[in-house]
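Colleague: To start, I am sharing the structure in question, which I have written as C-alpha cells.
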Amino acid sequence: MLSKFNWFIFSLVALVGGLPFQAHAQMAHPWQFGFQGAFSPSAEKLHEFHSLLTVIIISITLFVLGLLIYVVLKFNRKANPVPSKTTHHTLLEVVWTAVPVLILVVITIPSLRVLYFLDRVEDADMTVKIVGHQWYWSYEYPDNDDMTFDSYIVDKEDLEEGQPRLLTVDNALVVPAGKNIRLLMASGDVIHSWAVPSLGVKLDAVPGRLNETWVKVNEPGTYYGQCSELCGVNHGFMPITIKALSEDDYAAWLLEAMEEFANNDNDNKPLKIASLQGKASVWEGSNE
Amino acid sequence: MSNTTQSKRNRTIGLAVVGIVFSMVALAYASVPLYRIFCQVTGYGGTPQITESGPTTAMSQRKIKVRFNADVNSSLDWKFKPYEHEMEVHLGETALATYSAENDGKETVTGTAIFNVTPLKAAPYFNKVECFCFSEQTLAAGETADMPVSFFVDPEILEDPNTQEVRTITLSYTFYRAKSDS
Amino acid sequence: MSDHTPTGWKRWAYSTNHKDIGSMYIMYAVVMALIGGTMSMMIRLELAEPGLQFLEDLHFYNVLVTGHGLIMIFFVVMPGLIGGFGNWFVPLMIGAPDMAFPRLNNISFWLLIAATVMLILSVFIGGGAGTGWTMYPPLSNSLFHDSASVDYAILALHLAGASSILGAINFITTIVNMRAPGMTFHKMPLFVWSVLVTAFLLVTALPVLAGALTMLLTDRNFGTSFFAPEGGGDPILWQHLFWFFGHPEVYIMILPAFGIISHIISTFSRKPVFGYLGMAYAMVSIGAVGYIVWAHHMYTVGLGVDTRAYFLLATMLIAVPTGIKIFSWIATMWGGSITFETPMLFAIGFIFLFTVGGVTGVVLANAGMDIMMHDTYYVVAHFHYVLSLGAVFSMFAGFYYWIGKMSGRQYPEALGKLHFWVTFIGVNILFFPQHFLGLAGMPRRIPDYPDVYAGWNMVSSIGAAIAGFGTLIFLFVIYRTFTAGEKAAANPWGEGAKTLEWTVSSPPPFHSFSEPPQFDAKPEAAE
C-alpha cells in the first residue's frame, strides 16, 4: 500500500520525471525531463533514491526562492524605509546549521545503502569482458571459449528502420535477461567509460587495470548507452547497444554467434575505423 | 611602525609562504612512491598482496573460485592465455596456475606484466607467493614460455563485511612492451 | 614617497601600483572572457541541432571544449576575481598604501600574459590539445597526443600557476602584515577574508598541480612513467593529484565571489552583514574541507566502496557552511531597506542560482547516484550554475558595484538593469535544460548526440544566443560608462557602504593611504 508520503513523492516525480512517457523507456525520448526507464535492480534502486533527492532539492530551492521573494517584497526601501540593525540571532544560526545537517542525514542513510548495494557482487551466472578501444568496444565471453567480437557504430546510411542514429552498433552485446552478469572492464589504449543509463551501469575502462561490476537485466529488450569518458576524436561515436534475450533465445544466439565469431582473435583487431578517423563527412547528421 | 620593520616582516612572511609552496611540490612528488606503497600495503586499487612465504593460517573448508584474465597491449605482438580459465581453491590453500605466452612477432621482445585483482575489495586477501610479473620477460620470435603463479586466498576474507559475499575473484594480467625495450 | 605618477605605456608595463595592475587584470579578464565565450558559442552552435553543423574536424571540437574550460578557469575567473578585484580592493579595504611586494605584483601579471601566449601557441602548433581541461593520461600522453600542443598547454598552466602563486604570496603577506591600525582579523571586511582563504588555497593547491604537470611533461618527453602503466605508473594517480588541486580550485573561484556578494548585499540592504563571524569561518571551513573531498570527481574509476563512502560523507559536509552563507545573506536582507541597483540584482540572482547549483551538487555528492550522472550534462549544468552563473554573476556584480570607484564614472543604470535581465533569462534557458539532458543520459564532450536529445539542446542553444546578446549589452555598458558616465562621488551608495574604499575619492588618488587611516569603526562586526 502506498503511504501518503510515498504517494506525494510519486506524484512529484511523475511531474518532473515524465512518467507519462514511460512507454518508450528503453531509451531516452524527445523532451524527456528525467531518467530513462529502470531495467535492472541497480537502476531501480537509483531511481527510488533519486525520487527522494528530487523532492528534497526542489523543496530547498523553492524555500530559498520563497524567502528571497518575501524579503524583496517586504523589505524594499518603500515598504521598510528604516533598516533594522540586527546582525545576530543565535537561535536562528543554530537552526540553520542543524537543520541542513538533519537533511543530510536523511539523504546519507539511503545513499550509503544504495552505494553498498551496487557494490555487492552477486554470485554471477556468467561473465562478460568489455574492452574499450579508440573507438569501439569489444566483447569477450570467457565462459564460451573466449568468443570475441567487436562492436562498431553503424553509419547513418546503413541504419535500418527504427534504429537510432549514433546508438546503433553492428554487433550488440547480447546477454540473457534475468541473470546476474559479471562485467569486467579493461582498455586497450586510453580511459573509456562503459555506461548504460537504463541499466544503472557506468564504470571506467582503465588501461593496466581490470575493473569489475555487475548487472542484471530485468526483461528482454534493447538498451543503449554511450562512452562516458573523453577518449579522443571519435569519443562521441562509440555507442553501446546491449540486447537482453530470454534464456532460450540466448542459447540459440550463442550457438550461432560462436560459429560466426569463431575465427575472431582478440589479438588482431580490424582497424576499420582508422581510415575514417576524425572526418566529419562520415557521421553526417540528419540535417541534410 | 616604521617602513623598514614592515618590509622586514613582509619578507619573513613572504618567505614562509614560499616554503609552503615548495613543500607542497615536494608532497606532490612524494605522493608517487607513497601511493604505490599505500596500494601495496592496503590492497587499494586491486593490488594483491605479495608474500615470501605461504599462508600463516590454517586451510579453511570453504572454497572460492579464482578466475584468470589475460590481456596483451597492442604494443606487443604476443599471444597470452591462461591454461585454465578458473579453478576452485580452499581458502588458505596455496595453488598454482599457469599462463602461456607466445611471441608471434618477428623479433625478440621484452614484455612486462601488470596485474590486479577484482573485485578490488578482495585484493587485500589475495596473496601471491611467486609470479612472473615480478620480472620482465624476454621472448625470441616464435618462442613460447609457461608462466606460473602461485597464490592463496586469506580466509580472513570471510570476516570482512564488505567481502563476505565474494565467491569469485578474478586475477588479471596485462602484458605491455617493457619501457626499457621500446 | 613621491607623488610622481608615471605616464604613457611605462605606467602600465612597469606598473607596481595595485590599482593599475588591478585594472589591467580586469581588462585582461574581459578580453579573455570574450574569447572563451566565443568558444562556448561555437560549441552551442554545433550542438544546436543533431548532426554536424559546421565542424569539419572533430578534433577541433575537443580543442574547443578544452580551451573553453582552461580559459574560463585560469584566464577569466581567477584573474578577474583575484587579480582584478583582489588587487584593487584588498589594499583599499585594509587601509594599506599598496601590496606588500609591488614589483612581484607586476611579475604576476606579465607571467599571465606569457601563459596566454603559450596557450594560444598550443592551439596553433600541432592542432591543439583535445584532452579536456582535466588532461587525463593516457589520452594526454605522447602516444595519443603526439604534437607539441599538449606540452604548450602544460607550460601555459605552469606559468599561469606561477603567476597565481606569486599573487597569493603577495596577498597573504599584505593581509597579514599591512592592515590599518585597529583592524583586527575579526574586523576585516569579508572580501578580504575571502581573498585570504583563497590565497592559502592557491599556495597549497597549485604546487600540487605544478608537480603533476611536470610529471606529465616528463612522461611525454623524457621517458618517465609516472602515469604510464607499462612503466609501473598508474593513470589513476594523475586523477588523484589533479583533483587534489582541482577541487580546491573550485573554491578558489567561488570564495572571492562570496566576499563580493556579502558586501553588495549589506550595502544595498543598508544593514551590516548578518552573522559576520559565521560568514568568515564558513569560508575558512569550506576551504579546509575542500582538501578532503577530491575523489568525488572519480566515483566511476573503480574506487573501493569504503573510499567512496568516505568521500560521499566528506562532500556532504560542504553543504553545511554553504547553507550558512546562503541563509546569512538572506538574513542580512531581512529587515533591511533594500534598493535594487544593478549590483544588487546580480547579487540576488547569484544567491538563487548558486542555490540551484548547490542542491544539484548535493545530488552529485552521492557516490551511488553519481553512476547515473557522472560525465553527463547534469554535471555540466551543475558546475555552470555554480561557476558560470555563480562566479561570473559575482564578477558582474563586483564590476557594477565598483566601476564608479575604479574609473570615477558611474555606469548607466538602465542599461545595467537591462544587461542583468537579459543575462539572467539567457543563462537559465541555456543551462537549466541541460539538467534534463543529463538525466536522460546525454554524455558531455560529444560533438553530436542521438536525435532524442535534440529538443532541449535547441532550447539550450537559444539560451546561449540570448546570453551572448547580454554580453553585447555589457560591452555597450562599458562603452557608455567611459564615454558618457556621470562622475562618481566618493560614496555613491550611501549609508550602507561602510568599507574603507568608500572613504577615498573616486577614482582614488594614485597613492592612497600614504598615512594609514585610523580604523575604529566596526563595519562588519557591529552590534
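Colleague: Restricting the first residue to the range C:58-74 and requiring it to be hydroxyl-bearing (S, T, Y), which pairs with a second residue that is part of a helix (DSSP H, G or I) meet a Cβ separation below 8 Å and a spacing of at least six or different chains?
Modeller: Correct list of pairs: C:Y61/C:I43; C:Y61/C:E46; C:T66/C:A153.
Colleague: Let me ask something else. Quickly run through the range A:162-183 and pick out the residues that are within 14 Å of chain C (Cβ to nearest Cβ) and part of a loop (DSSP other than H, G, I, E, B).
Modeller: Across the range A:162-183, the qualifying residues are A:G162, A:Q163, A:P164, A:R165, A:L166, A:L167, A:T168.
Each row is one residue, and each column tells you yes or no for (1) small (G, A, S); (2) within 12 Å of C:V90 (Cβ to Cβ).
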| residue | (1), (2) |
| --- | --- |
| C:A162 | yes, no |
| C:I165 | no, no |
| C:F171 | no, yes |
| C:V208 | no, no |
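Colleague: To continue, here is another question. So which residues in the range A:184-200 are part of a strand (DSSP E or B) and at the interface with another protein chain (Cβ under 7 Å from one of its Cβ atoms)?
Modeller: Within the range A:184-200, A:L184, A:A186, A:S193 meet the criteria.
Colleague: Same structure, new question: Filter the range C:327-344 down to the residues that are among the aliphatic types (A, V, I, L, M) and surrounded by 23 or more Cβ atoms within 10 Å (Cβ to Cβ), then identify the one that is farthest from the other protein chains (Cβ to nearest Cβ).
Modeller: Out of the qualifying residues, it is C:M344.
Colleague: crowded, with 24+ Cβ neighbours inside 10 Å and in a helix (DSSP H, G or I), is that true of C:F383?
Modeller: Details: crowded, with 24+ Cβ neighbours inside 10 Å: no; in a helix (DSSP H, G or I): yes.
Criteria not met by C:F383.
Colleague: For residues that are in a helix (DSSP H, G or I) and among the β-branched types (V, I, T), scanning just the range C:476-517, find the one that is surrounded by the most Cβ atoms within 10 Å (Cβ to Cβ).
Modeller: Applying the first criterion (in a helix (DSSP H, G or I)) to the range C:476-517 yields C:476-484, C:494-496, C:500-503.
When the remaining residues are screened for being among the β-branched types (V, I, T), the result is C:477-478, C:481, C:483, C:503.
On the way: C:V477: 24, C:I478: 17, C:T481: 22, C:T483: 8, C:T503: 17.
Only one residue fits best here, namely C:V477.
Colleague: Can you tell me which of C:A29, C:A13 is closer than 28 Å to C:W502 by Cβ and of a type in the set (A, V, I, L, M, F, W, C)? Before you say what the answer is, go through the steps one by one.
Modeller: Details: C:A13 fails: closer than 28 Å to C:W502 by Cβ.
Exactly one of C:A29, C:A13 is closer than 28 Å to C:W502 by Cβ and of a type in the set (A, V, I, L, M, F, W, C), namely C:A29.
Colleague: Of the residues B:E143, B:E107, B:E136, only one is open to solvent by 50 Å² or more (accessible area, probe 1.4 Å), over 27 Å from C:F144 (Cβ atoms) and touching a residue at least 12 places away in the same chain (Cβ under 8 Å); which? Write out each step before concluding.
Modeller: On the way: B:E107 fails: over 27 Å from C:F144 (Cβ atoms); B:E136 fails: over 27 Å from C:F144 (Cβ atoms).
Result: B:E143 is the single residue among B:E143, B:E107, B:E136 that is open to solvent by 50 Å² or more (accessible area, probe 1.4 Å), over 27 Å from C:F144 (Cβ atoms) and touching a residue at least 12 places away in the same chain (Cβ under 8 Å).
Colleague: Pull up the range A:71-127, narrow it to residues that are open to solvent by 40 Å² or more (accessible area, probe 1.4 Å) and of a type in the set (D, E), then point me to the one that is farthest from the other protein chains (Cβ to nearest Cβ).
Modeller: Checked the range A:71-127; the qualifying residue farthest from the other protein chains (Cβ to nearest Cβ) is A:D125.
Colleague: Same structure, new question: Report, by residue number, each residue of the range A:235-277 that is open to solvent by less than 60 Å² (accessible area, probe 1.4 Å) and modelled with pLDDT under 75.
Modeller: Answer for the range A:235-277, where residues must be open to solvent by less than 60 Å² (accessible area, probe 1.4 Å) and modelled with pLDDT under 75: A:D265, A:N266, A:D267, A:K269, A:I273, A:A274, A:L276.
Colleague: Mind counting the residues in the range A:157-194 that are among the aliphatic types (A, V, I, L, M) and touching a Leu at 6+ places or on another chain (Cβ under 8 Å)? Don't jump to the end; show me each part of the working.
Modeller: Taking the range A:157-194 first, the residues among the aliphatic types (A, V, I, L, M) are A:159, A:166-167, A:169, A:172-175, A:177, A:181, A:183-186, A:190-191.
Those still in the list that are touching a Leu at 6+ places or on another chain (Cβ under 8 Å) too: A:174-175, A:177, A:183-186, A:190-191.
Residues flagged as among the aliphatic types (A, V, I, L, M) and touching a Leu at 6+ places or on another chain (Cβ under 8 Å) within the range A:157-194 amount to 9.
Colleague: Look through the range B:164-180, keep the residues that are within 10 Å of chain C (Cβ to nearest Cβ) and surrounded by 14 or more Cβ atoms within 10 Å (Cβ to Cβ), and return whichever of them is modelled with the lowest pLDDT. Walk me through how you get there before you give the answer.
Modeller: Restricting attention to the range B:164-180, the residues satisfying the condition of being within 10 Å of chain C (Cβ to nearest Cβ) are B:174-180.
Retained after the next criterion (residues that are surrounded by 14 or more Cβ atoms within 10 Å (Cβ to Cβ)): B:174-179.
Numbers: B:T174: 88, B:F175: 87, B:Y176: 86, B:R177: 85, B:A178: 81, B:K179: 74.
Per the criteria, the residue is B:K179.
Colleague: When the range C:225-283 is examined, which residues are found to be among the small types (G, A, S) and either at pLDDT 95 or above or assigned to a helix (DSSP H, G or I) (or both)? It would help to see each step written out before you state the result.
Modeller: Pass one, the range C:225-283, residues among the small types (G, A, S): C:225, C:228, C:231-233, C:246, C:257, C:259, C:262, C:266, C:269, C:275, C:278, C:280, C:282.
Answer for the range C:225-283, where residues must be among the small types (G, A, S) and either at pLDDT 95 or above or assigned to a helix (DSSP H, G or I) (or both): C:G231, C:G246, C:A257, C:G259, C:S262, C:S266, C:S269, C:G278, C:A280, C:A282.
Colleague: Within the range C:175-192, track down each residue that is assigned to a helix (DSSP H, G or I) and within 8 Å of chain B (Cβ to nearest Cβ).
Modeller: Of the residues in the range C:175-192, the ones assigned to a helix (DSSP H, G or I) are C:175-177, C:185-187, C:190-192.
Passing the criteria: C:V176, C:N177.
Colleague: Take the range C:292-301 and flag every residue that is in contact (Cβ under 8 Å) with a residue 24 or more places away in the chain, of a type outside the set (F, W, Y) and either open to solvent by 10 Å² or more (accessible area, probe 1.4 Å) or within 19 Å of A:V99 (Cβ to Cβ) (or both).
Modeller: Residues of the range C:292-301 that are in contact (Cβ under 8 Å) with a residue 24 or more places away in the chain, as a first pass: C:293-301.
So of that shortlist, the ones also of a type outside the set (F, W, Y) come out as C:293, C:295-298, C:300-301.
Within the range C:292-301, C:H296, C:H297 meet the criteria.
Each row is one residue, and each column tells you yes or no for (1) charged (D, E, K, R); (2) under 16 Å from C:G36 (Cα atoms).
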| site | (1), (2) |
| --- | --- |
| C:E56 | yes, no |
| C:Y61 | no, yes |
| C:L92 | no, no |
| C:A96 | no, no |
| C:P102 | no, no |
| C:N106 | no, no |
| C:F109 | no, no |
| C:A115 | no, yes |
| C:S122 | no, yes |
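Colleague: Would you point out the residue of the range A:201-234, among those that are of a type in the set (S, T, Y) and open to solvent by less than 10 Å² (accessible area, probe 1.4 Å), that is nearest to the other protein chains (Cβ to nearest Cβ)?
Modeller: Going through the qualifying residues, I end up with A:S228.
Colleague: For the subset of the range C:445-460 comprising residues that are more than 8 Å from chain A (Cβ to nearest Cβ) and touching a residue at least 40 places away in the same chain (Cβ under 8 Å), which member is most open to solvent (accessible area, probe 1.4 Å)?
Modeller: Taking the range C:445-460 first, the residues more than 8 Å from chain A (Cβ to nearest Cβ) are C:457-460.
Next cut, touching a residue at least 40 places away in the same chain (Cβ under 8 Å) only: C:457-458, C:460.
Numbers: C:N457: 0, C:M458: 73, C:S460: 0 Å².
Top of the filtered list is C:M458.
Colleague: Being open to solvent by less than 20 Å² (accessible area, probe 1.4 Å), at pLDDT 90 or above and either facing chain C (nearest Cβ under 8 Å) or within 30 Å of C:G494 (Cα to Cα) (or both) is the requirement here; does A:L53 meet it?
Modeller: Working: open to solvent by less than 20 Å² (accessible area, probe 1.4 Å): yes; at pLDDT 90 or above: yes; either facing chain C (nearest Cβ under 8 Å) or within 30 Å of C:G494 (Cα to Cα) (or both): yes.
When the stated conditions are applied, A:L53 passes them.
The values are calculated or read from the model by the stated rules, or taken from the named source; none is laboratory data. Bear in mind that the values here come from a model prediction, so they are computed numbers and not experimental data. When we count neighbours, we look across all protein chains shown, and the Cβ atoms used for this are built from the backbone with ideal geometry, even at glycine. In case anyone asks, the SASA skips ligands and DNA or RNA and just uses the protein heavy atoms, side chains included. Shrake-Rupley method; radii C 1.70, N 1.55, O 1.52, S 1.80 Å.
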